[in-house]
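See below for the structure under consideration.
Computed from the coordinates by the stated procedures, all read-outs in this text should not be read as laboratory data. This is a predicted model, so every value here is computed, not measured. No Cβ is skipped: glycine too gets one built from the backbone with ideal geometry, and neighbour counts run over all protein chains shown.
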Amino acid sequence: MMIRNARALPFLLAGSIFATGIHATEAEHIHASQAWIRVLPGDLPAGAYVTLENTSDQPAMLRSATTPRYASVMLHKSSSEGGVSRMAMVESLAIPAHGKAELSPGGYHLMLSKAGTPLSVGENIKITLHFADGSTLDTDFVARPANATDAGDAHH
Amino acid sequence: MPLRRTSRLAWLFALVLGAIMLGGCQRSDAIQWQLTDISGHMPDLDFTLVDDQGKAVTGKDYHGKVVLLYFGYTHCPDVCPLTLAQLHVVMQRLGPLADGARILFVSVDPARDTPEIMHAYVNAFDPRAVGLSGAPREIEALSKRYRSAFTREPDKGDGQYEVSHSSAIYIFDRDGKAKLLSTPDRPQDDLVHDLHLLLSQGNPA
């Protein structure tokens, strides 16, 4: 049994590498940067931002995000048309092939609410990004003060 | 022919006269604002609200300060913090002059925005920001006064809701007179330029 399994191992490995090459997941081609959270006082909902770059020939689709630190994470989009600021929930965000999508203040963002324990400025938390094909990408987001305008020097 | 020359001369005269008059006007009010000038088009600053210390305040309490009036709410995680963070940068760029200005953040969600929440919220952005809340009818009156609007969006089922609101920033001079209108998409330099001028006018220092 042992010998048979050991002999089979290289074939299994080769097989799985081969399979990965053909069916690479969306998450494998996504590079996340400038990931930060604007921390607001108390248990007010916070906005999370990140730049997603897609190195694949195929577009990728961000569907949702989760983190153990917040009970609710929603993909939102702000708009300011006709002088009125609105916020709407969106189903997904496309990251074009060999292109990027930015979640940034005043546009697409993740709305984090119902924090388990309050976030402190400077802290890093993991947010898992979920893509349309079911693949996931764990990304570290840095907590920035309320009056920050970007991810800060550390993430430039 | 002479008639034509006369009329041409008359036109030239009118043009020169017009240019002189225009020049004269500019000299008497030499300020070239970058933002939208609303002088005479919007009423003076006036309201009866509650500040973030729980104290009843009126528009007159802010006379002597240049006021930046902005409507929003604390459960707004993206646009309101972005606007307030941008205003904080503008205040920093103004240096000591900024002490002559106040950011009045008026809540369009008085049901959730108590003075305590407003206090923590505005102070997270800038020490010169004041959070104003109050009776819904007073907030509505202030919003209508500046032709602004807000709408409470339907509940998402968990008691949470969003409020759509005007993105404008109304700027008043030290006498509470409406002067300028800005929007978040305007370059920060324009705000700094105009506020610098407003704050330098009649600066007691």
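If we keep just the residues of the stretch A:43-78 that are farther than 23 Å from residue B:164 by Cβ and outside any strand (DSSP E or B), which is farthest from the other protein chains (Cβ to nearest Cβ)?
This residue is A:57.
Considering only the stretch B:160-205, give the strands (runs of 3 or more DSSP E) lying wholly within it that have at least 3 residues that are within 14 Å of chain A (Cβ to nearest Cβ).
Correct list: B:163-166.
Pairs please, first residue from the stretch A:40-58 and more than 14 Å from residue A:93 (Cβ to Cβ), second anywhere and among the polar types (S, T, N, Q), Cβ atoms under 6 Å, 6+ apart in sequence or on different chains.
Here the result reads A:44/B:74; A:45/A:113, each pair linking the stretch A:40-58 to a residue that is among the polar types (S, T, N, Q).
Listed here are the residues, each with its yes/no results for (1) on the phi < 0 side of the Ramachandran plot; (2) in contact with a Gly (Cβ under 7 Å, 6 or more places away or on another chain); (3) not hydrophobic (A, V, I, L, M, F, W, C).
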residue	(1), (2), (3)
A:92	yes, no, yes
A:96	yes, no, yes
A:101	yes, no, no
A:108	yes, no, yes
A:111	yes, yes, no
A:115	yes, no, no
A:123	yes, no, yes
A:127	yes, no, no
A:130	yes, no, yes
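Condition (residue is assigned to a strand (DSSP E or B), surrounded by 20 or more Cβ atoms within 10 Å (Cβ to Cβ) and away from chain B (no Cβ under 13 Å)) applied to the stretch A:122-129: is it met by at least one residue?
Scanning the stretch A:122-129, I find at least one residue that is assigned to a strand (DSSP E or B), surrounded by 20 or more Cβ atoms within 10 Å (Cβ to Cβ) and away from chain B (no Cβ under 13 Å), so the answer is yes.
Filter the stretch B:63-122 down to residues that are aliphatic (A, V, I, L, M), assigned to a helix (DSSP H, G or I) and without any contact (Cβ under 8 Å) to a residue 60 or more places away in the chain, then give me how many there are.
Number satisfying all stated conditions: 5.
Is it the case that the stretch A:79-100 has a residue that's facing chain B (nearest Cβ under 9 Å) and touching a Phe, Trp or Tyr at 6+ places or on another chain (Cβ under 8 Å)?
For the stretch A:79-100, residues facing chain B (nearest Cβ under 9 Å) and touching a Phe, Trp or Tyr at 6+ places or on another chain (Cβ under 8 Å): absent.
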